[in-house]
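No lab work stands behind these numbers, since they all come straight from the coordinates. Not measured: the values here are computed from a predicted model. Heads up, the Cβs are rebuilt from the backbone with ideal geometry, glycines too, and the neighbour counts pull from every protein chain shown.
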Amino acid sequence: MSPRKHGTARGGEHWSQPVTETSHALELEPGVFTLEDPREIAHSLKRSADASRHRKSEPFRAAMSMLTFYINRAGRHLSAEQRNRLEAAKQELRVLYGRDNRDLPNRNPPEDKSD
């Protein structure tokens with residue numbers, strides 16, 4: 001048996017490619033990880049996680065896991081700007097799910113339009 005190149009399968013695929021393409025854990029909206037606004041990324045992941053019937057964990061964990069999986073698998077191929085945007089989306093997810101908001105910059109609360 002000949003040694004394999006690190007991280008690739010026989011056909012030149014990385015192990016993560018089939019996982020990404022065939023996983024039914026979350027039905028992601030197209031282009032979610034390329035959105036410009038971290039809040040939009042977080043909202044999209046939340047919609048997908050909340051709607052999924054295939055996930056094995058609670059919605060917050062499923063959404064955060066998918067985002068972390070994408071960041072880790074993209075590795076060096078992510079620009080610093082995109083990595084920062086995705087890391088900011090993690091913080092937004094925490095806020096959306098009422099988890100931890102200590103690390104978020106001061107944000108303006110939504111205006112009360114009930115006047």
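Brief remarks follow.
- From least to most packed, judged by other beta carbons within 10 angstrom and beginning with the fewest, T68, T34 follow the order T34, T68.
- Charged-residue dipole, Cβ positions (Lys, Arg, Asp, Glu), the range 36-96 about Cα centre, Debye nearest 20: 340
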